[in-house]
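The values are calculated or read from the model by the stated rules, or taken from the named source; none is laboratory data. These figures come from a predicted structure and were not determined experimentally. With ideal geometry, Cβ positions are generated from the backbone for all residues, glycine too; neighbour counts draw on all protein chains shown.
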């Protein structure tokens, strides 16, 4: 059943979400500890004020920062040459000269690939693993588990682009050095590895050091039950190499747009808008917020995560819910005609909402992923513009109903 009050309010709303997203992208990469991360934080602070949120706060947090000074990938046998590469965040650092070993190809770097290797007698022990992985934070720990000494991440992209990421979601250094290469470089290395004679050297130089950031939040106070809170989250950090429009300038743009929408149209419950750092390092900002604000969690009615709610490729949206939010979200998604790729209940644990979920807070999270994930090709002009407004409206209505009628 349609929600006439929401339809009327949204119909008169002049959305700035796409414009905000473009401004965030124009800042460039927002890797933790970079100038871009500090600049986007100040942009959000100013927009929270401009959008009329109440009780604006910024809380400082400390985290283990990663600085990559240089990465080197060299083939040492059957011939000698260098391969251009990029570092993967939270990589183990190497001594000067790096780590040299034979290289074994592990397909997509999934558990099934390692099982297949074991059945055919191919060992990773003491070797460097090459894999065309999609999510480094899943692939590198599997290589470590199989006692590899290094990791090279390729892609299956048609375009010449590197997919970056982190070695794990703990916020701590990985156990092996890890680098990323393009699809053509991966194919070249794979052909040599299949011959059984490939040896390579990985060198990662840099430092781990204590750093500080902030999470920012402000409220659209509730009219009847202001003590009850619906959280709306977005992380503002990114990896290096590009603007990372889908992940997660899109979520930050939506967060700022919704801040203006809900501050001007008060709901029954309070809606708190929370801009978080260090999601890409393992949800560190969300973890710190929940830890410090544990007493609020008993009054939290729901959390809506704005992380990668749009992408470039055609296809459906993954809908993450808990049992208590599923009926509401399913009704809204159906009425708004959102194509669904998958329902995840309980929700996938790979973003900031997970820290709230562990504290017992009901979850709603719509996200999309495509082959441009964590690459320089994740740009505004590559997003599916026809779905941007549709997904934006669906998420706005979910927040509206959670805060006003649920």
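Worth a mention:
- All positions within the stretch 6-20 that are assigned to a helix (DSSP H, G or I) and either touching a residue at least 40 places away in the same chain (Cβ under 8 Å) or within 23 Å of residue 50 (Cα to Cα) (or both): 6, 9, 10, 11, 17, 18, 19, 20
- Within the stretch 37-50, the set of residues being closer than 30 Å to residue 69 by Cβ and free of Cβ contacts under 8 Å to residues at least 60 places away in the same chain comprises 38, 39, 42, 43.
- Taken together, 345, 311 contain a single residue that is in contact with a strand residue (DSSP E or B) (Cβ under 9 Å, 6 or more places away or on another chain) and surrounded by fewer than 20 Cβ atoms within 10 Å (Cβ to Cβ), which is 345.
- Inspection of the stretch 32-54 identifies at least one residue that is modelled with pLDDT of 95 or more, part of a strand (DSSP E or B) and assigned by TED's automatic domain parsing to the domain that holds residue 275.
- Just one of (1) out of contact with any strand residue (DSSP E or B) (no Cβ under 7 Å at 6 or more places or on another chain); (2) surrounded by fewer than 24 Cβ atoms within 10 Å (Cβ to Cβ); (3) in contact (Cβ under 8 Å) with a residue 40 or more places away in the chain fails for residue 333. It is (1).
- Take the conditions (1) assigned to a strand (DSSP E or B); (2) farther than 30 Å from residue 38 by Cβ; (3) assigned by TED's automatic domain parsing to the domain that holds residue 324; residue 222 misses just one of them, which is (1).
- Single residue of the stretch 295-319 satisfying the filter (closer than 16 Å to residue 332 by Cα and part of a loop (DSSP other than H, G, I, E, B)) that is modelled with the lowest pLDDT: 316
Quick grid of which residues meet (1) surrounded by fewer than 20 Cβ atoms within 10 Å (Cβ to Cβ); (2) over 17 Å from residue 183 (Cα atoms); (3) in the same structural domain as residue 152 (by TED's automatic domain parsing); (4) over 30 Å from the mean Cα position of the chain (by Cα):
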| site | (1), (2), (3), (4) |
| --- | --- |
| 90 | no, yes, yes, no |
| 93 | yes, yes, yes, no |
| 114 | no, yes, yes, no |
| 119 | yes, yes, yes, yes |
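- The number of residues in the stretch 270-294 being within 22 Å of residue 137 (Cα to Cα), in contact with a strand residue (DSSP E or B) (Cβ under 7 Å, 6 or more places away or on another chain) and either outside the structural domain of residue 362 (by TED's automatic domain parsing) or not in a loop (DSSP other than H, G, I, E, B) (or both) comes to 5.
- Matching entry among 218, 222, 242 (being over 23 Å from residue 387 (Cα atoms) and surrounded by fewer than 22 Cβ atoms within 10 Å (Cβ to Cβ)): 222
- Selection status of residue 60, assigned to a strand (DSSP E or B) and modelled with pLDDT of 95 or more: yes
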